[in-house]
Amino acid sequence: VDTARAKAFTEDCIRQYDVRTPGSETEAGALSGGNLQKFIIGREIMLSPKLLFVAQPTWGVDIGAASAIRRRLVALRNEGMAILVISEELEELFELCDSIQVIHQGRLSPPLVTRDTRPEEIGRYMIGAHSTAEKVPA
């Protein structure tokens, strides 16, 4: 492991993602939830993936950290990065996603274009009120 390169990467991540820490030597487990979340998302983004998979990206973090995470994900989406978001928060899904699909009792809804869809329609899929969902193979 190139420790100088790893340290520089860590310091860049801390700076770019406003991770509040005493320094780059601080163990990740000592960070607050929001700072740990910002660091993890920053680390993954800095690796320049073609697809970013995020599950509950703002769960358990304070409003400031959640806002920073969402802003960065929206910017990446707008730059053309493919982002797969799994979240229970409809507001988050509507902010981050171009389209939404719902899984309910093993059935997957058709893709719903976010700008053309209301939260109530998503809710109907969530309770199984639509019959157009397809069975997801086990």
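Computed quantities for the displayed model
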{"read-out": "Any pair with Cβ under 9 angstrom, 6 or more apart, that starts in region 7-19 at a residue that is without any contact (Cβ under 8 Å) to a residue 24 or more places away in the chain and under 19 Å from GLY33 (Cβ atoms) and ends at one that is of a type in the set (A, V, I, L, M, F, W, C) and in a helix (DSSP H, G or I)", "value": "THR10/PHE39; VAL19/CYS13; VAL19/LEU36; VAL19/PHE39"}
{"read-out": "Given (1) exposed (fewer than 13 other Cβ atoms within 10 Å of the Cβ); (2) under 11 Å from the mean Cα position of the chain (by Cα), number of the condition GLN37 does not satisfy", "value": "(1)"}
{"read-out": "Evaluation of ALA65 against (1) assigned by TED's automatic domain parsing to the domain that holds LYS135; (2) in contact with a Gly (Cβ under 7 Å, 6 or more places away or on another chain) (one fails), failing number", "value": "(1)"}
{"read-out": "Residue count, region 55-77 (criterion: surrounded by 12 or more Cβ atoms within 10 Å (Cβ to Cβ), of a type in the set (A, V, I, L, M) and under 15 Å from ASP98 (Cα atoms))", "value": "3"}
{"read-out": "Filtered residue count, region 1-19, keeping only those that are surrounded by 12 or more Cβ atoms within 10 Å (Cβ to Cβ) and in a loop (DSSP other than H, G, I, E, B)", "value": "3"}
{"read-out": "Test: residue in region 24-33 that is part of a helix (DSSP H, G or I), in contact with a helix residue (DSSP H, G or I) (Cβ under 7 Å, 6 or more places away or on another chain) and crowded, with 18+ Cβ neighbours inside 10 Å", "value": "no"}
{"read-out": "Some residue of region 90-101 being in contact with a helix residue (DSSP H, G or I) (Cβ under 9 Å, 6 or more places away or on another chain), closer than 18 Å to VAL74 by Cβ, of a type in the set (S, T, N, Q) and not in a strand (DSSP E or B)", "value": "no"}
{"read-out": "Subset tally (residues that are farther than 18 Å from GLN37 by Cβ and outside any helix (DSSP H, G or I)) for region 57-80", "value": "2"}
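The values are calculated or read from the model by the stated rules, or taken from the named source; none is laboratory data. Keep in mind it's a predicted model, so treat the numbers as computed, not measured. Please note: Cβ atoms are built from the backbone with ideal geometry, for glycine as well, and neighbour counts cover all protein chains shown.
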